[in-house]
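The next block holds one structure in the form of structure tokens; read it before the comments.
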Amino acid sequence: FTKRKLDTLTLEELEDVLLRADLGVAAAQRVTKAVGAARYEKNIEPDEVRAILAREVENILEPVALPFDIDASRRPFVVLVVGVNGSGKTTTIAKLASKWRSEGKSVVLAAGDTFRAAAVEQLRIWGDRLDATVVAGKEGADAAGLAFDAIKTAREQNAEVLLMDTAGRLQNRTELMAELEKIVRVMKKADPEAPHAVLLVLDATVGQNALAQVEVFGKTAGVTGLVMTKLDGTARGGILVAIAEKYALPIHFVGVGESADDLEPFTARDFARAIAGLDPEESDPAKAAAEIAK
Amino acid sequence: MFESLSDKLSGIFDKLTRRGSLTEADVEEALREVRRALLDADVALDVVRSFSDKVQNRAVGANVIKSISPGQMVIKIVNDVLVETLGETAEPLNTEERPPVIIMMVGLQGAGKTTTTAKIAKRLKERNKKRVLMASLDVKRPAAQEQLAILGRQVEVDTLPIVPNQTPLQIARRAAEAARLEGYDVVLLDTAGRTHIDEPLMQEMADIKSYASPHEILLVADALTGQDAVNLAKNFDARVGITGIVLTRMDGDGRGGAALSMRHVTGKPIKLIATGEKMDALDEFAPKRIADRILGM
Ligand SMILES: Nc1nc2c(ncn2[C@@H]2O[C@H](COP(=O)(O)OP(=O)(O)OP(=O)(O)O)[C@@H](O)[C@H]2O)c(=O)[nH]1
Ligand SMILES: Nc1nc2c(ncn2[C@@H]2O[C@H](COP(=O)(O)OP(=O)(O)OP(=O)(O)O)[C@@H](O)[C@H]2O)c(=O)[nH]1
Ligand SMILES: [K+]
Ligand SMILES: [Mg+2]
Ligand SMILES: [Mg+2]
């Protein structure tokens with residue numbers, strides 16, 4: 001480490017760490033360059049280098065790490081959940097419903113996936129477990145019509161939140177994206193302001209294609225925020241760094257398992273440390289003890 | 001969204017043609033573009049490295065520097081090495097053993113196992129005239145067994161009756177008995193999705209394998225998978241010894257580099273390609289098609 005700078009080999013290693021975390025070539029190079037541009041002490045320890053890397057990534061993610069707020073003046077507050085097949089939409093809806101139910105909110109779920117086998121049944125089971133009303137139509141029914149009905153039902157029940165599930169669709173399937181556009185359009189007939197939030201659910205195991213997902217779902221459905229699922233595996237979801245740089249969309253939550261409580265707020269620091277390959281920080285022992293006591 | 005490798009390489013080599021001579025450094029620059037294209041296509045980093053070494057050796061051997069259209073030549077070499085790595089011939093499912101032939105489906109959550117199970121069942125019934133039974137061993141995901149039952153009715157293939165509160169192993173046992181007693185040729189075992197670092201679930205999968213001794217263990221994986229493809233393929237293979245790979249969501253616009261990664265680290269063939277949600281959206285593996293996709297051609 002002459003010239004009080006990280007040497008090229010180290011920078012190359014850092015770039016590899018980022019590439020393995022799915023940042024993509026362009027974002028990985030930008031971040032590595034930023035790390036290289038700063039000047040550091042001699043004899044810097046590998047863990048310190050990683051910490052510097054983590055900080056650089058954290059700086060990019062910090063502005064988009066935003067909480068998800070329900071505007072209580074909108075009743076029902078309509079949340080539309082979209083994404084490609086199997087990304088975790090229905091499960092994320094269950095997790096959100098669970099969170100809001102435990103805060104005492106009344107929640108209605110709309111089974112807008114009228115296509116996939118047993119999609120409605122899957123949501124019904126969650127609804128039963130979480131004590132949330134489920135509005136469903138017949139299999140093969142028009143999802144847009146169901147969206148309209150669901151808003152009406154939620155309004156009649158004076159529910160605080162309506163969570164609308166949709167069928168998974170790949171963003172390059174134009175006919176399916178047109179259907180999604182129609183769902184949004186028809187929702188506005190029931191409530192001109194709806195949907196009040198549109199969450200795009202991204203799977204952490206997906207690589208560079210997530211960028212295209214954000215682009216097209218954003219254009220079609222007016223995505224207002226992101227949730228990234230399946231971070232309990234070995235995928236790091238680094239594509240969020242590229243997404244944050246390009247689209248600056250809020251990232252609200254991460255999914256870390258299949259149970260209703262496996263949802264955590266997105267925090268730039270933890271996420272960045274995981275990308276840099278650092279262990280999660282020791283949690284405050286006092287806090288941990290309090291947690292156990294609960 | 002991506003400029004194709006072909007465009008990039010012709011860009012590099014066009015500059016050179018005008019300059020009139022080609023150096024080692026030029027070829028090195030071209031290889032850098034190859035590596036970048038593969039990374040953009042989601043090929044795993046280590047796989048990109050060993051792949052690019054192979055291409056380089058081949059390029060030296062073929063004397064690319066002296067050739068008339070070096071860009072085309074590099075592309076051809078890359079393409080050839082890709083096809084070789086992916087496996088040149090399609091390997092069919094092994095269903096001609098003494099019945100009942102057991103096929104077990106494994107993979108991460110949401111990869112497409114249940115859907116693919118029903119597609120394979122339909123194909124074996126219609127094309128190979130097999131008597132097929134499907135059983136869902138997924139006692140975890142809400143309505144998973146119901147999902148397979150509905151698909152079974154759609155494709156007119158029997159599914160093992162659902163008995164609540166059984167363990168996956170008990171269901172596997174029941175499926176094996178049904179196959180023997182009722183004379184099925186093929187039994188497809190759909191399993192719950194699992195993360196490869198979830199030890200209890202990986203152990204459960206290994207136990208199902210020891211009990212059922214499947215003839216085929218297919219790893220179902222999303223064609224959109226990023227760098228994680230190597231980890232998941234390695235781990236599933238290490239735990240149960242997969243016999244092949246099914247790539248799903250090839251109807252998407254992902255570049256599908258995961259195919260190369262998984263094939264490279266496991267050496268196991270890609271047997272089938274899934275191209276949609278409908279029950280006939282299942283194709284034979286075609287290396288050329290995947291190679292073109294990875295190169296963005
Ligand atoms: N490990 C893990 N699995 C998850 C997570 N979120 C969802 N899953 C699992 O992923 C699979 C697919 O989840 P779903 O919620 O059905 O996904 P979906 O997007 O609704 O799928 P489609 O409606 O078919 O498009 C299920 O097995 C879920 O249990 C997560 O954060 N971690
Ligand atoms: N576009 C597309 N969608 C697919 C394909 N294969 C499966 N799907 C969809 O992907 C989603 C998940 O498929 P499943 O078959 O439920 O996946 P799974 O692996 O069984 O999921 P778990 O059991 O929850 O782990 C569903 O919406 C399917 O319709 C495919 O080749 N293309
Ligand atoms: K997936
Ligand atoms: Mg769903
Ligand atoms: Mg399944």
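If a/c stays under 1.5 just call it rounded; otherwise compare a/b with b/c (prolate if a/b is bigger, oblate if not). Do that for the stretch A:135-294, with a ≥ b ≥ c from the square roots of the Cα gyration tensor eigenvalues. Mind showing how you got there, number by number?
On the way: a/c = 2.45, a/b = 1.51, b/c = 1.63.
It is oblate, given that a/c is not under 1.5 and a/b is not larger than b/c.
Name the shape class, rounded, prolate or oblate, that the alpha-carbon gyration tensor gives for the protein assembly as shown, where a ≥ b ≥ c are the square roots of its eigenvalues, rounded holds for a/c under 1.5, and otherwise prolate holds if a/b is larger than b/c and oblate otherwise. Intermediate results must be reported in sequence, preceding the final value.
Working: a/c = 1.66, a/b = 1.18, b/c = 1.41.
Oblate, since a/c reaches 1.5 and b/c is not below a/b.
Its Cα gyration tensor gives chain B an equivalent ellipsoid, and the semi-axes of that ellipsoid, as √(5λ) in whole Å with the largest first, are 43, 17, 15. Ordered by the count of other Cβ atoms within 10 Å of each Cβ, fewest first, A:LYS138, B:LYS113, B:LYS76 give A:LYS138, B:LYS76, B:LYS113.
Ranked by the mean number of other Cβ atoms within 10 Å of their residues, highest first, the peptides A:86-99, B:182-195, B:88-101 come out as A:86-99, B:182-195, B:88-101.
May I ask for the Kirkwood hydrodynamic radius of the stretch B:168-297, worked out over all distinct Cα pairs and given in angstroms to one decimal?
On the way: mean 1/r = 0.0631 Å⁻¹.
This gives a value of 15.8 Å.
The mean sequence distance of close C-alpha pairs (under 8 Å, at least 6 residues apart), as a share of the length of the stretch A:1-137, puts its relative contact order at 16 percent. Taking A:ASP262, A:ASP69, A:ASP131 in turn, the Gaussian network model of chain A (Cα-Cα springs below 10 Å) assigns the largest fluctuation to A:ASP69. Comparing A:VAL31, A:ALA54, A:LEU80 along the charge dipole axis of the stretch A:15-83, the residue lying farthest to the positive side is A:LEU80, per the Cβ-charge model.
For the residues B:MET134, B:MET279, what sequence is obtained by ranking on other C-beta atoms within 10 Å, fewest first? All intermediate terms of the calculation are to be shown ahead of the outcome.
Values: B:MET134 27, B:MET279 16.
Sorted ascending by nearby Cβ count, the order is B:MET279, B:MET134.
Dividing the convex hull volume of the alpha carbon atoms of chain A by its residue count gives 134 Å³ per residue. With the convex hull of the Cα atoms taken as the outline of the stretch B:99-212, the averaged projected area works out to 6.5 nm².
Overall, the anisotropy analysis places the stretch B:86-135 in the oblate class: the square-rooted eigenvalues a ≥ b ≥ c of its C-alpha gyration tensor yield a/c not less than 1.5, with a/b not exceeding b/c.
With runs of 4+ DSSP H residues as the only contributors, calculate the mean residue ellipticity of the protein assembly as shown at 222 nm using -39,500 (n - 2.57) per run, divided by the residue total and rounded to the nearest 500.
Details: 22 runs with 292 residues, N = 591.
Mean residue ellipticity, 222 nm, calculated: -15500 deg cm²/dmol.
Taking A:VAL78, A:VAL64, A:VAL186 in turn, the Gaussian network model of chain A (Cα-Cα springs below 10 Å) assigns the largest fluctuation to A:VAL186. Residues whose amide H comes within less than 5 Å of that of A:LEU162, counting only those at least five positions distant or on another chain, are A:PHE77, A:VAL78, A:VAL79, A:VAL108 (H built at 1.01 Å from N in the peptide plane). Listed by chain and number, the aspartates and glutamates whose C-alpha is less than 12 Å from the C-alpha of B:LYS278, apart from same-chain residues fewer than 8 away, are B:ASP251. Over the C-alpha trace of the stretch A:1-151, radius of gyration and Dmax come out as 23.4, 70 angstrom. Peptide packing: for A:12-25, B:251-264, the average count of neighbouring Cβ atoms within 10 Å per residue gives the ranking B:251-264, A:12-25, highest mean first.
For chain B, the Cβ-based charge dipole about the Cα centre amounts to some 300 debye (Lys, Arg positive; Asp, Glu negative; other atoms uncharged). Tilt of helix A:89-102 relative to the longest C-alpha principal axis of chain A, in degrees (0 to 90, nearest 10)? Roughly 80 degrees, rounded to the nearest 10.
Computed from backbone phi with θ = phi - 60° and the Karplus coefficients 6.51, -1.76 and 1.60, the 3J(HN,Hα) list for the stretch B:66-80 is 8, 7, 6, 10, x, x, 4, 5, 4, 4, 5, 4, 4, 4, 4 Hz; x is used for glycine and proline.
The numbers here are math on the coordinates, done by the rules we state, and not lab data. All values reported here derive from a predicted model rather than from experimental measurement. A quick note on method: Cβ atoms are made from the backbone with ideal geometry, for glycine too, and the neighbour counts reach across all protein chains shown.
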